[in-house]
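Structure first, commentary second.
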Amino acid sequence: MADRVTVIGWDGSPLTAAARSALSAATLVAGAAHHLALPEVPPGAERIRLGSVDLAARRIAGHRGTAVVLADGDPGFFGVVRTLRAPEHGLEVEVVPAVSSVAAAFARAGMPWDDARIVVAHQRTLRRAVNVCRAHPKVAVLTSPGAGPAELALLLDGVHRTFVICEELGTDREQVTVLTSDKAADHAWRDPNVVIVIGGSAGAQGGGWLMGHETPKVRGWALGPAETGGGSATGSRNEVGTGTGVGETPVLRAAQLARLGPRVGDLVWDIGCGSGALSVEAARFGAAVIAVDADPDACARTEAAARRDGVQLQAVRGRAPHVLERLPEPDVVRIGGGGVPVVTACTDRRPERIVTHASTRDEAEAIGAALADGGYAVECALLQSVGLDPADWSERDRTVVFLISGRRSTSP
């Protein structure tokens, strides 16, 4: 029985001496059709067309002889090595790497990639991959059938990005195309391909110490306007806001963010975005954000706050709940106002969590009932914040607000 397999990466360049040596001794070779057609594959070796890596691993484990797996690029980078190393297969894995397809794509584009996020898009993860493209200025997407450039472009509707599409890297059919995201859906693209998605402030990124990340300009979160350089924390005077400023306090914002838990791959709706403080902080956590407000000044403030903080978001002017009908599916939602009609419209879209606030107990009870009727487990807390002047410890300001949050029920 085989207890060892050599995994050889292939990037279109001539195989290394180590790779040729391993292939020459192979009695079983697994790979895609173009790998199995390589002249270095021994004529007498058993050949397995690589579809399911797990199935191939079981075949390799039961093979009496020497096994080799051929894979595109670096097989340890979002590749077959992880599956082959699964304990149930009992295989010892030796890797002969090649240049990864992501590195090759950025090389073809003549761009650095230490500041890039890298995601894998399958049909089940396509939406989350798109959210990363919304939130970050430079993303490499390893695509798959049904989750390619056209599908990425369609889900990015309304967000301008530049696509660098690298098809069949390393082969004589290699092609690199640069076009705007609104044009990508009009073409048929060959697999395999890598898409580099560029937008926003990509030119200012990079040169840091941690791949794919930038250190926030301001330390901490749920900060006041004096610490973030923003304007006064007044409430949004839109059709879905409270117009009181209570919904913009740092204490409430901290509690809302804690319950929302925005993260990379999420899409956040911030309905009634006001000053944009919560939208920007959700984006700083790596989430994609759509900030909604009927007031054009609120949208402009939010966009300015995002530019000031160096994050990406999309501001959409419109009146909730009607404007929500044309937005992509959210993972978590913060509602700045609008009451039961907006809450009900959000529960219909089934985000994982919804957070809002109320100024009175009657309003809080009505919102809580709407969340419960929509299939959400409801939590409510009364938050009181008292600002003190450290010079004489006198009371400077006081806010009292109900925090209502809903968590989507997992029960049928």
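Residues in the range 314-330 that are more than 24 Å from the chain's Cα centre (by Cα) and part of a loop (DSSP other than H, G, I, E, B): Gly318, Arg319, Ala320, Pro321. The set of residues in the range 62-81 being part of a loop (DSSP other than H, G, I, E, B) and in contact with a Lys or Arg (Cβ under 9 Å, 6 or more places away or on another chain) consists of Thr66, Gly76. Residues in the range 161-171 include at least one that is hydrophobic (A, V, I, L, M, F, W, C), within 27 Å of Thr215 (Cα to Cα) and outside any loop (DSSP other than H, G, I, E, B). For the range 181-193, the criterion of being assigned to a strand (DSSP E or B), modelled with pLDDT of 90 or more and in contact with a Phe, Trp or Tyr (Cβ under 9 Å, 6 or more places away or on another chain) is met by none of the residues.
Going by the conditions given, is Ala258 surrounded by fewer than 24 Cβ atoms within 10 Å (Cβ to Cβ) and within 14 Å of Trp221 (Cα to Cα)? Answer is yes for this residue. Give me the pairs, please: first residue somewhere in the range 169-188 and more than 16 Å from Phe106 (Cα to Cα), second residue anywhere and open to solvent by 100 Å² or more (accessible area, probe 1.4 Å), beta-carbon distance under 7 Å, and either six or more positions apart or on two chains. Sorted first by the residue in the range 169-188, then by its partner, the pairs are Thr180/His160; Ser181/His160; Ala185/Leu154.
In summary, Val141 fulfils each of the numbered conditions (1) within 22 Å of Pro330 (Cα to Cα); (2) open to solvent by 20 Å² or more (accessible area, probe 1.4 Å); (3) of a type in the set (Val, Ile, Thr) with the single exception of condition (2).
For the range 288-310, enumerate the residues that are under 21 Å from His136 (Cβ atoms), out of contact with any strand residue (DSSP E or B) (no Cβ under 7 Å at 6 or more places or on another chain), without any contact (Cβ under 8 Å) to a residue 60 or more places away in the chain and crowded, with 19+ Cβ neighbours inside 10 Å. Residue satisfying the conditions is Ala306 alone. Scanning the range 270-313 for residues that are closer than 21 Å to Val342 by Cβ, assigned to a loop (DSSP other than H, G, I, E, B) and either of a type outside the set (Ser, Thr, Tyr) or touching a Cys at 6+ places or on another chain (Cβ under 9 Å) (or both) returns Gly272, Cys273, Gly274, Gly276, Ala287, Ala294, Asp295, Leu313. The C-beta contact set for the range 367-392 (first residue under 15 Å from Asp348 (Cβ atoms), second residue open to solvent by 70 Å² or more (accessible area, probe 1.4 Å) and aromatic (Phe, Trp, Tyr), distance under 8 angstrom, 6+ apart or interchain) is empty. Scanning the range 1-51 for residues that are among the aliphatic types (A, V, I, L, M) and free of Cβ contacts under 8 Å to residues at least 12 places away in the same chain yields a count of 2. Scanning the range 78-106 for residues that are surrounded by fewer than 21 Cβ atoms within 10 Å (Cβ to Cβ), within 18 Å of Ser144 (Cα to Cα) and in contact with a helix residue (DSSP H, G or I) (Cβ under 7 Å, 6 or more places away or on another chain) yields a single hit, Thr83.
Restricting attention to the range 142-173, the residues that are in contact with a strand residue (DSSP E or B) (Cβ under 9 Å, 6 or more places away or on another chain), closer than 22 Å to Val80 by Cβ and modelled with pLDDT under 95 total 4. The listed residues are Arg350, Arg361, Arg408, and the only one of them that is over 28 Å from Arg263 (Cβ atoms) and among the basic types (Lys, Arg) turns out to be Arg361.
Those strands (runs of 3 or more DSSP E) of the range 331-412 in which at least 2 residues are under 32 Å from the mean Cα position of the chain (by Cα) and farther than 19 Å from Arg253 by Cα, considering only elements entirely within it, cover 376-389.
To keep it simple, each residue is scored yes or no on (1) among the acidic types (Asp, Glu); (2) part of a helix (DSSP H, G or I); (3) open to solvent by less than 40 Å² (accessible area, probe 1.4 Å).
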position: Met111; (1), (2), (3): no, no, no
position: Asp114; (1), (2), (3): yes, no, no
position: His122; (1), (2), (3): no, no, no
position: Val130; (1), (2), (3): no, yes, yes
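The condition of being of a type outside the set (Gly, Ala, Ser), surrounded by fewer than 17 Cβ atoms within 10 Å (Cβ to Cβ) and within 30 Å of Val159 (Cα to Cα) does not hold for Arg396.
The values are calculated or read from the model by the stated rules, or taken from the named source; none is laboratory data. Remember, predicted model here, so these are calculated numbers, not experimental data. Ideal geometry is used to build each Cβ from the backbone, glycine not excepted, and the neighbour counts take in all protein chains shown. Heads up: the accessible areas ignore ligands, DNA and RNA and are worked out on the full protein's heavy atoms, side chains in. Shrake-Rupley method; radii C 1.70, N 1.55, O 1.52, S 1.80 Å.
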